1. Among the residues of region 141-157, how many are open to solvent by less than 70 Å² (accessible area, probe 1.4 Å) and either more than 14 Å from the chain's Cα centre (by Cα) or closer than 19 Å to Gly98 by Cα (or both)?
2. For region 19-44, give me the residue count where each residue is open to solvent by less than 60 Å² (accessible area, probe 1.4 Å) and either in a loop (DSSP other than H, G, I, E, B) or at pLDDT below 70 (or both).
3. So, Ile16, is that one free of Cβ contacts under 8 Å to residues at least 60 places away in the same chain and buried (at least 19 other Cβ atoms within 10 Å of the Cβ) or not?
4. Do we find that Trp100 is surrounded by 15 or more Cβ atoms within 10 Å (Cβ to Cβ), closer than 30 Å to Phe40 by Cα and in contact (Cβ under 8 Å) with a residue 40 or more places away in the chain in this structure?
5. I need the full set of residues from region 55-94 which are buried (at least 16 other Cβ atoms within 10 Å of the Cβ), touching a Leu at 6+ places or on another chain (Cβ under 8 Å) and under 22 Å from Ile136 (Cβ atoms), in order please.
6. Find all pairs meeting these conditions: Cβ atoms under 8 angstrom apart; at least six residues apart or on different chains; first residue within region 178-190 and surrounded by 16 or more Cβ atoms within 10 Å (Cβ to Cβ); second residue in a helix (DSSP H, G or I).
7. Give me a count of the residues in region 129-163 that are in contact (Cβ under 8 Å) with a residue 12 or more places away in the chain, of a type outside the set (Ser, Thr, Tyr) and not in a strand (DSSP E or B).
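The values are calculated or read from the model by the stated rules, or taken from the named source; none is laboratory data. These figures come from a predicted structure and were not determined experimentally. Here Cβ is always computed from backbone atoms with ideal geometry, including for glycine, and neighbour counts include all displayed protein chains. Accessible surface areas use protein heavy atoms only, side chains included; no ligands, DNA or RNA. Shrake-Rupley method; radii C 1.70, N 1.55, O 1.52, S 1.80 Å.
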Amino acid sequence: MSSEYKIFFNNRKFIITNSLSDFNNSKNAFFWGDVHHQEFPNLLDFFNSHTYIPEVFVGTNNVEVAFEQFSSNFAPIPAAGGLVKNAEDQVLMIFRNGHWDLPKGKIETGERVEAAALREVGEETGLKEINLGSKICCTYHTYYIGNVRALKETHWYQMETNGKQNLIPQTEEGITQAVWVDKEKIPTLLKNSYGSIGEVFRLYNL
C-alpha cells in the first residue's frame, strides 16, 4: 500500500513516499533515497537553494518515521479550515495578500480541530450558519517566521451553508475579498493560489 506526505514550499513540493510512480512521471524532479535524520537539514538547504527543482522525492520504506524526522526541523503550526459550498453549488474563496485562498487559521490551545475550522471560516469571511461535513485531508506547507522555519499542518473540512449569505472579509488578516465562486471559474483562480490549496480542491474532487 502506497503512503506519502506532500510538503509544499509555495508551489514546489517535497514528497516523502514509499512509491516512486509519481517520480517516474515527473519532469525535472530530484530523487533522494532513504534519508538519515541527520541529512534532512542539508537536503532542505539544497532544495531551498536550487529553486529550479520543482519536486524532491525521498523514497523510504517507513514514511511515518521519515516525516517525523523531517518535521523536527520546523516549528509546528497546527491549523484548520474549510471548503464551503452554498445552495447554488458555489465555493467560498478569499483573496489574501495577493493570492486566492481558502479560509483557515491556527488552532487555539485546547481547541478541537473541528471547532477551530468552523471558527476560522466564520471569522475570516463573516459567514454564519455553517454546517460541518467530513474531513477532506491535511496539507503541509512551510514558511519563515523571522529566521525560524515553520511547518503548518492544516486540517481541511467540507462545509455547507444555505442561501447566499453576505460575506465580510477579515481585513486585519490581509483578506480583501471573500466571494462565492462558480465551479468553472476555480481553475483560473488557482493559477494565482498556492500548491496546498490546489491539493485541497484535487482531493475534494469538485
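1. Number satisfying all stated conditions: 5.
2. Final tally of qualifying residues: 6.
3. yes
4. It is false that Trp100 is surrounded by 15 or more Cβ atoms within 10 Å (Cβ to Cβ), closer than 30 Å to Phe40 by Cα and in contact (Cβ under 8 Å) with a residue 40 or more places away in the chain.
5. Ser71, Ile77, Gly81, Gly82, Leu83, Val84, Lys85, Asn86, Val91, Leu92, Met93, Ile94
6. Ala178/Glu124; Ala178/Thr125; Ile186/Phe201; Leu190/Ile197; Leu190/Gly198; Leu190/Phe201
7. Matching residues across region 129-163 total 4.
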